Amino acid sequence: MKRKPKGGDIRSGRRAFLRGFGKAVASVSALMIGGAGLIGKKGTSHAAVTKHEIPPIPDYDWSQHDWGYGIDATRCIGCLRCVEACKAENDVVPTAHHFRTWVERYVWLEGEERPMVDSHSDPGNIAASGSQKEYRFDNRYQGKKIDKAFFVPKICNHCRHPSCVQVCPTGATFKTEDGAVLIDHDYCIGCQYCVQACPYGARFFDYERQVTEKCTWCYHRITKGLKPACVEVCPVGARIFGDMNNEASDISKFLRENRVQVLKPETGNAPTCFYIGLDKEVS
């Protein structure tokens, strides 16, 4: 999601400065730049920068929506079609270590109190797929005695009180009126404060573009009445998305009919990604 950049020369110069002085100095410089008001008009404060001037989207009024996401861990089969669809739809860096959504496998072996956890980025799973663009889980547990196992899809939780927005020194990360947390890459300086602040590990740094990336709920799709790509391709209906302002929506029905939970509620971030079927070891 972009607004008209203010001072492109300043932005490009800032990125060069950050790359030259390294990650540690970059973080300090980012705060200094944000505090000094070098974004946009001289003297602009961080609070003012966060008020994005986003152009209207045709036939879409974001003040009328409150988007939410549901995940049914009892249905997920770990096919990873969601991960592949997300990367294709959003042009995510084509490696197994860059992703906007991922799926974790939890396996309790007989006699073990804690689960074994892996995802599609695990070296064994990468080897099993034979590709950095197609994903699958390997058969490492074949022949072993398993007490319990399930898959847990994960994405950005698009929190009501996102810590990533709070720490962003330039206002590049912001929350929309309809509930989405987005990144304005025209203002991202690559400090990675948001990556460190996210308690869910939902952000990654694109070193080629020198900006932070994450799930956007396929904002370009949902504002046109479509579902996120990961929801669209799920063959078992484990991913649910919709407008919580609409009582007839899939997400409203999901919330009414299930006792849902969120990840890490103790952080106070108040996620709008709701789960059913989680075990206490999932975080």
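The values are calculated or read from the model by the stated rules, or taken from the named source; none is laboratory data. This structure is a prediction, so every number in the text was calculated from the model and none was measured. Here the Cβ positions follow ideal geometry from the backbone for every residue, glycine too, while neighbour counts run over all protein chains shown.
Pairs please, first residue from the stretch 252-268 and more than 12 Å from Gly68 (Cα to Cα), second anywhere and in a helix (DSSP H, G or I), Cβ atoms under 9 Å, 6+ apart in sequence or on different chains.
The qualifying pairs are Val260/Phe254; Thr267/Ser163; Gly268/Ser163.
Would you mind telling me which numbered condition in (1) at pLDDT below 75; (2) in contact with a His (Cβ under 6 Å, 6 or more places away or on another chain) Ala48 fails?
Only one criterion is unmet by Ala48, namely (2).
Would you check if there is a residue in the stretch 164-173 being in contact with a Pro (Cβ under 9 Å, 6 or more places away or on another chain) and assigned to a loop (DSSP other than H, G, I, E, B)? Break it down into steps so the answer makes sense when it comes.
Initially, the stretch 164-173 is screened for residues in contact with a Pro (Cβ under 9 Å, 6 or more places away or on another chain), giving 173.
Narrowing the set further to residues that are assigned to a loop (DSSP other than H, G, I, E, B) leaves none.
So far as the stretch 164-173 goes, no, none of its residues is in contact with a Pro (Cβ under 9 Å, 6 or more places away or on another chain) and assigned to a loop (DSSP other than H, G, I, E, B).
Quick one: Gln196 ticks every box in (1) in contact (Cβ under 8 Å) with a residue 40 or more places away in the chain; (2) of a type in the set (S, T, N, Q); (3) out of contact with any Leu (no Cβ under 8 Å at 6 or more places or on another chain) bar one, so which box is it?
With respect to (1) in contact (Cβ under 8 Å) with a residue 40 or more places away in the chain; (2) of a type in the set (S, T, N, Q); (3) out of contact with any Leu (no Cβ under 8 Å at 6 or more places or on another chain), Gln196 is out only on (1).
Would you mind finding the one in Ile146, Ile189, Ile183, Ile155 that is at negative phi, in contact (Cβ under 8 Å) with a residue 24 or more places away in the chain, surrounded by fewer than 18 Cβ atoms within 10 Å (Cβ to Cβ) and β-branched (Val, Ile, Thr)?
Ile146
Table: residues versus (1) surrounded by 20 or more Cβ atoms within 10 Å (Cβ to Cβ); (2) farther than 25 Å from Val262 by Cα; (3) at pLDDT 95 or above; (4) not assigned by TED's automatic domain parsing to the domain that holds Asp186.
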{"residue": "Leu38", "(1), (2), (3), (4)": "no, yes, no, no"}
{"residue": "Arg75", "(1), (2), (3), (4)": "no, no, yes, yes"}
{"residue": "Thr95", "(1), (2), (3), (4)": "no, yes, no, yes"}
{"residue": "Thr101", "(1), (2), (3), (4)": "yes, no, yes, yes"}
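Within the stretch 196-207, is there a residue that is of a type in the set (Gly, Ala, Ser), under 29 Å from Asp61 (Cα atoms) and surrounded by fewer than 18 Cβ atoms within 10 Å (Cβ to Cβ)?
No, the stretch 196-207 contains no residue that is of a type in the set (Gly, Ala, Ser), under 29 Å from Asp61 (Cα atoms) and surrounded by fewer than 18 Cβ atoms within 10 Å (Cβ to Cβ).
Among residues belonging to the stretch 166-180 that are of a type in the set (Val, Ile, Thr) and over 24 Å from Val231 (Cβ atoms), point out the one that is surrounded by the fewest Cβ atoms within 10 Å (Cβ to Cβ). Before the answer, list the steps.
Step one: list which residues in the stretch 166-180 are of a type in the set (Val, Ile, Thr), which gives 167, 170, 173, 176.
If we keep only those that are over 24 Å from Val231 (Cβ atoms) too, we end up with 167, 170.
Details: Val167: 17, Thr170: 24.
Here the answer is Val167.
Would you check which residues across the stretch 208-246 are buried (at least 19 other Cβ atoms within 10 Å of the Cβ), more than 12 Å from Arg100 (Cα to Cα) and among the charged types (D, E, K, R) and list them?
The answer is Arg239, Asp243.
In the stretch 90-116, what residues are in contact with a Lys or Arg (Cβ under 9 Å, 6 or more places away or on another chain), among the acidic types (Asp, Glu) and closer than 24 Å to Cys273 by Cβ?
Glu104
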